Amino acid sequence: MQDFVEGNKHLQTQIDIFSQLELINVTEIEILQEVLLAIDTKYFEDKQNLDPALVCALLLNHPHISSFYATSPRGYRKQQAKYRQQCQPNVANGLLSWAIEQVRQLNTPRTLEQDLVIANSSVLKKVQAKSWRAIEKRERPRIGQTDIFDVLANLSLTNLMEQEVVKDAHSHIQTDYTSKSDRINLSDVCALVLNHENVPPLYATNAKEYNQHKQAYLAQYQTKVRKIIRKTVYQVNLEGSEHSFNLSAMAKTNANLRNVNSWNNSAIDSDE
């Protein structure tokens, strides 16, 4: 009973943090649309054995597919253009068919059942769905009559790396920049970190995969990711960011003087 109560408290804390975010992985949306379209057209006869979450996870974790996080409509358009230039050709020229074949060979019937880890992730995604729509801003992307954001919020798919970055970035800002936390936008910090070349996505579709990724994160990535978070927060505090530009003309002026490019496209170099 105590574990259940503690679990609920932890989830509520995550919900409180995620409800503050204006953050979307444009790659996730683009990949999901391509996967659903392919399944509904080229692989319709095998649809019952093709779980979109499994196909998406294979593609989103692939080293030739980059994450492109955005925090504003302007950023969404820029990141969408980058995805279509850098990643879409790889998807169209073999990666999509490869991923679908991998899942088709599993011959596993699709299911809407979710274990607790994925169900909790779905709760967080539903909290974020309102901001996704605000960021995308234009006519909703659809597959048939289905709103792609509704599909994503209910998909058995979660990026452990995103959850860890959000949690650690929030903790670092609240602990070490308490008096300046209103200047440091959590969404912008997370977008910069998650777009970094040394911060790979870790997508899982069930609790077993999630726990495997968790162990890999702790062993291989946590130290480096936290270092990138610290550097990113420091720079955002110093120079401003996408959202602070809207709030402070001085922040925008200072950023321009330092030759800061669009925060939705830049990457903070890490110390090797």
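Below are the figures for this structure:
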{"read-out": "Residue within the stretch 51-61 that is part of a helix (DSSP H, G or I) and more than 22 Å from P200 (Cα to Cα) present", "value": "no"}
{"read-out": "Given (1) modelled with pLDDT of 95 or more; (2) farther than 25 Å from N198 by Cα, number of the condition N61 does not satisfy", "value": "(2)"}
{"read-out": "Residues (of a type in the set (A, V, I, L, M), surrounded by 14 or more Cβ atoms within 10 Å (Cβ to Cβ) and more than 18 Å from E162 (Cβ to Cβ)) located in the stretch 86-138", "value": "V91, L95, L96, A99, I100, V103"}
{"read-out": "Criterion (surrounded by 18 or more Cβ atoms within 10 Å (Cβ to Cβ) and of a type in the set (S, T, N, Q)) met by exactly one of T13, T41, T71", "value": "T71"}
{"read-out": "Residue list for the stretch 204-235, filter: aromatic (F, W, Y) and under 18 Å from Q14 (Cα atoms)", "value": "Y210"}
{"read-out": "Residues of the stretch 177-202 classified as touching a Leu at 6+ places or on another chain (Cβ under 7 Å) and farther than 21 Å from L218 by Cα, total", "value": "2"}
{"read-out": "The stretch 74-85, residues that are surrounded by fewer than 21 Cβ atoms within 10 Å (Cβ to Cβ) and closer than 15 Å to A134 by Cβ", "value": "R74, R77"}
{"read-out": "The stretch 171-182, subset in a helix (DSSP H, G or I) and of a type outside the set (D, E), residue surrounded by the most Cβ atoms within 10 Å (Cβ to Cβ)", "value": "I173"}
{"read-out": "Pairs with Cβ under 6 Å, 6+ apart, first in the stretch 14-31 and under 16 Å from L186 (Cβ atoms), second part of a loop (DSSP other than H, G, I, E, B)", "value": "E22/T71; L23/T71; N25/S67"}
{"read-out": "Residue list for the stretch 138-165, filter: assigned to a helix (DSSP H, G or I) and either modelled with pLDDT under 95 or of a type in the set (F, W, Y) (or both)", "value": "I148, F149, D150, V151, L152, A153, N154"}
{"read-out": "D168, sole failed condition from (1) in contact with a helix residue (DSSP H, G or I) (Cβ under 6 Å, 6 or more places away or on another chain); (2) surrounded by fewer than 22 Cβ atoms within 10 Å (Cβ to Cβ); (3) outside any helix (DSSP H, G or I); (4) not hydroxyl-bearing (S, T, Y)", "value": "(3)"}
{"read-out": "Test for K214: is it out of contact with any Lys or Arg (no Cβ under 9 Å at 6 or more places or on another chain), closer than 22 Å to V123 by Cα, surrounded by 15 or more Cβ atoms within 10 Å (Cβ to Cβ) and not small (G, A, S)", "value": "yes"}
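Results for (1) more than 13 Å from the chain's Cα centre (by Cα); (2) among the hydroxyl-bearing types (S, T, Y); (3) part of a loop (DSSP other than H, G, I, E, B), shown as yes or no for each residue.
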| position | (1), (2), (3) |
| --- | --- |
| Q12 | yes, no, no |
| D16 | yes, no, no |
| Q20 | yes, no, yes |
| T27 | no, yes, no |
| Y83 | yes, yes, no |
| N90 | yes, no, no |
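The values are calculated or read from the model by the stated rules, or taken from the named source; none is laboratory data. Because the structure is a prediction, the values reported are computed rather than measured. Note: ideal-geometry Cβ built from the backbone for every residue, glycine included; neighbour counts use all protein chains shown.
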